[in-house]
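Before any comments, here is the structure.
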Amino acid sequence: MAARSIASLSVSFGLVSIPVKLYSATEASRAISFNLLHKGCGSRLKQQYLCVKEEVPVAREDMVKGYEFAKDQYVMFTPEELKALEEAGTHTADITEFVPIESIDPVYFDKAYYLAPDKGGAKPYALLAKALRESKRCALGRWAARGKQYIVMIRPVEDGLMMQQLLYAGEVRSIKEIDIPKTEVKDTELKLAHQLIEQQASAKFDPAAYTDDVRARIEAAVQKKVEGQEITMTEAPEGGAQVIDLMEALRASLEKKAPARAREAPAEARKPPKRAQGEATGKKVAKK
């Protein structure tokens, strides 16, 4: 089934404006979700909000949003006040700069969209895609939608363009917040680690090589339930033993990953070397 556009906007840089269509690059709808049911009769449950002070249900029309500025202290906002604070949608992604693609850490990546040229946008779309691809750069800019303002990165992918929402600096934690002790790595350990990496190296990432085994198990279990079958529970695997000797663990990993043909010598190579005639008969060979 052909993908459906979810929005139309313009990508603008300098005096150039490219009309494009927006397509979601991921499918959150494919995630398996469960509903909460009443265990007794199997009916769906309805969510209800309770006031923690009066312990009574609160209707939606009696709810307001509040911000907790101190412990159990809130300032309330009306829907009109919150609406006035929202960013007005411009339907334009304004490019502000071009940077090397590798300069953006993937930790900042958020939701991704594919861009396709809209009516009259094929030529400038192709021009921007080729220029970014050849310069090995991506475009950074701002995009306002759904009352929010986003940082966006536009980068070339295969024959087209992708627009990736980026997280703000305040939304990403620094690794410096994590306590990582300084540890010396020996040259012999590093050499074995390099060998293991090379042994399992691939030319590129193939997402089709990875499948969601958990999803497959859930789908199979759901089908069994629908058909009225019982599900057999499997025991959880025991945890592996703690690795003490790093060198031995590296060597064992290399041996485990090595192809069988590399570990097993050919039959000819395994034959013992021919012994001298005297050795074969147990007699001494007289010197001439």
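Let me check I've understood the local charge: for residue 132, count other residues with C-beta under 14 angstrom from its C-beta, Lys and Arg +1, Asp and Glu -1. What total comes out?
Local net charge: 0.
Restriction of the GluC sites (Glu not before Pro) in region 18-117 to DSSP coil positions whose beta-carbon has at most 14 other beta-carbons within 10 angstrom yields 27, 54, 55, 86, 87.
Think of each Lys and Arg Cβ as +1 and each Asp and Glu Cβ as -1; about the Cα centre, that makes the dipole of region 147-238 roughly 400 debye. When the Cα positions of 175, 199, 126 are compared along the charge dipole of region 123-211, 126 comes out farthest toward the positive end, with charges on each C-beta of Lys, Arg, Asp and Glu.
The simple Förster model, with R0 at 22 Å and r as the Cβ-Cβ distance, assigns residue 104 and residue 31 a FRET efficiency of 0.25.
Label-to-label distance for residue 223 and residue 253 is 3.6 nm, based on points extended 7 Å past Cα in the beta-carbon direction. In loop segments of region 183-219 as defined by DSSP, the GluC sites (Glu not before Pro) with at most 12 further C-beta atoms inside 10 Å of their C-beta are 184. When region 1-132 is described by a simple charge dipole with +1 on each Lys and Arg Cβ and -1 on each Asp and Glu Cβ, the residue from 43, 109, 82 located farthest towards its positive end is 43.
The magnitude of the dipole of region 103-163, with charges of +1 and -1 set on the Cβ of Lys/Arg and Asp/Glu and taken from the Cα centre, is near 200 debye. Taking each residue as 0.36 nm, the span from residue 136 to residue 215 lengthens on full extension beyond its C-alpha to C-alpha distance by 24.8 nm. Tell me, what is the FRET efficiency for residue 71 and residue 206 to the nearest 0.05, using R0 = 41 angstrom and their Cβ-Cβ distance as r? Working from the Cβ atoms, E equals 0.20. As a calculated quantity, the FRET efficiency between residue 63 and residue 17 at R0 = 41 Å, using C-beta atoms, amounts to about 0.45.
Please go through region 1-102 and write out the trypsin sites (Lys or Arg not before Pro) that DSSP classes as loop and that have at most 16 other C-beta atoms within 10 Å.
On the way: sites: 4, 21, 30, 39, 44, 46, 53, 60, 65, 71, 83; in loops: 4, 39, 46, 53, 71.
Counting only loop positions with at most 16 other Cβ atoms within 10 Å, the trypsin sites (Lys or Arg not before Pro) in region 1-102 are 4, 39, 46, 53, 71.
A simple spin-label model places pseudo-atoms 7 Å from Cα toward Cβ; at residue 123 and residue 86 they are separated by 3.8 nm.
Charged side chains reduced to their Cβ positions (Lys and Arg at +1, Asp and Glu at -1) give region 37-110 a dipole of some 760 debye around its Cα centre.
Residue 168: net charge of surrounding residues, Cβ under 13 Å, Lys/Arg +1, Asp/Glu -1, itself excluded? After counting each charged neighbour, the total is +1. Length available on full extension from residue 184 to residue 6: 0.36 nm per residue minus the Cα-Cα distance, which gives 58.9 nm. Normalise the Debye intensity by I(0) for region 1-153, one equal point scatterer per Cα, no solvent, then take log10 at q = 0.08, 0.12, 0.15 Å⁻¹ and round to two decimals. Normalising to I(0) and taking log10 leaves -0.43, -0.81, -0.99.
For region 126-192 versus region 12-75, the spacing of their alpha-carbon centroids is 28 Å. The residues packed around residue 109, meaning those with a beta-carbon under 14 Å from its beta-carbon, carry a net charge of -2 if Lys and Arg are +1 and Asp and Glu are -1.
Computed from the coordinates by the stated procedures, all read-outs in this text should not be read as laboratory data. Predicted, not measured: the structure shown is a model, and the values here were computed from it. Please note: Cβ atoms are built from the backbone with ideal geometry, for glycine as well, and neighbour counts cover all protein chains shown.
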